[in-house]
1. Between Ala234 and Tyr34, what is the FRET efficiency for a Förster distance of 22 Å, r being their Cβ-Cβ separation, to the nearest 0.05?
2. Roughly what angle does helix 22-32 make with the longest principal axis of the chain, taking Cα atoms, 0 to 90 degrees, to the nearest 10?
3. Between helix 222-232 and the chain, what is the angle of the helix's C-alpha long axis to the longest principal axis, kept within 0 to 90° and rounded to the nearest 10?
4. Under the rule of -39500 (n - 2.57) per DSSP H run of 4 or more residues, summed and divided by the residues of the chain, what mean residue ellipticity at 222 nm is obtained, to the nearest 500 deg cm²/dmol?
5. Give the cross-link partners of Lys211 among the aspartates and glutamates, using a straight C-alpha distance below 19 Å as the criterion and excluding same-chain residues fewer than 8 apart.
6. When the accessible area of region 15-232 is computed with all protein chains present and a 1.4 Å probe, what percentage of it is carbon and sulfur?
7. Could you name the lysines whose alpha carbon sits less than 19 Å from that of Lys150, not counting residues in the same chain fewer than 8 places away?
8. Compute the distance in nm between two label points, each set 7 Å from the Cα along the Cα-to-Cβ direction, one at Arg55 and one at Glu107.
Amino acid sequence: MSIHISAMEGQIADVVLMPGDPLRARFMVDKYLYGAELVSQTRNVLFYTGTYKGRRVTIGASGMGCPSIGIYSYELFSMYGVESIIRIGTCGAYSTELSVYDMILAEAASSESTYARFAWGLENDSIVSPGRATEVIADTASRSGISLRKTNIHSSDIFYRKDPALPAIANKYNCLAVEMEAFALFANAQELGKSAATLLTVSDVIPTHQKISADQRETALLPMMELALESTLAI
Ligand code: HPA
């Protein structure tokens, strides 16, 4: 057991899919996993382990923001022997080059966050997705004819802000979209010699205020969930 995950040794698979939202994790488990077993319920953040097409997979939520995913991914990598984590989430598009429902694969996550510096002494403000997971997802998508935009993303600590201008870091690294977790996930994976990817669906286009509605969200995210699960077969 770790501080924030109550699974026993061996109850977590070597690959973990992490949506931000615990209810989305539960939805994926019900829809896609066979023989799922509840392995942790600390703080009501439920982790389940089961199989997808025979591949053992764990699904559990990261929560929102770098501090939260920083805790869960660290414990999974360092205390449960997890080798790969695929974050699956939503993002806001900074650019009208993107539309709602577009799927994005993060090449690198850039952030103003001090997480990487104070946790690991990593001075870079942009971290390339570590390990093979990103490449495997890109290959799986291209073999299945799924269109996927590879781009740099901004991992922001801020959801609500006064100034609508594009944040300087997003400009510096040409980030087409913003979310709140990938930077800490990538920092942990890089430091611990593990693999991590971030696959996102555009839920809102910031300049036009176009959004996926609450009732469209459930089905809008299915292609991303399926791509992440299919990719685990080659990880
Ligand atoms: N900002 C940060 N994270 C997000 C957003 C956003 O606008 N949309 C979806 N996730």
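The values are calculated or read from the model by the stated rules, or taken from the named source; none is laboratory data. The shown structure was predicted, so the numbers you read here are calculated from the model rather than taken from an experiment. Don't worry about glycine lacking a Cβ; one is built from the backbone with ideal geometry, like all the others, and counts go over all protein chains shown. Ligands, DNA and RNA are excluded from the accessible area calculation, which covers all protein heavy atoms including side chains. Shrake-Rupley method; radii C 1.70, N 1.55, O 1.52, S 1.80 Å.
1. My answer for the efficiency is 0.70.
2. It works out to around 60 degrees.
3. 60 degrees
4. -9500 deg cm²/dmol
5. Asp21, Glu97, Asp102, Glu179
6. 51 percent
7. Within reach: Lys172.
8. Those two pseudo-labels are separated by 2.4 nm.
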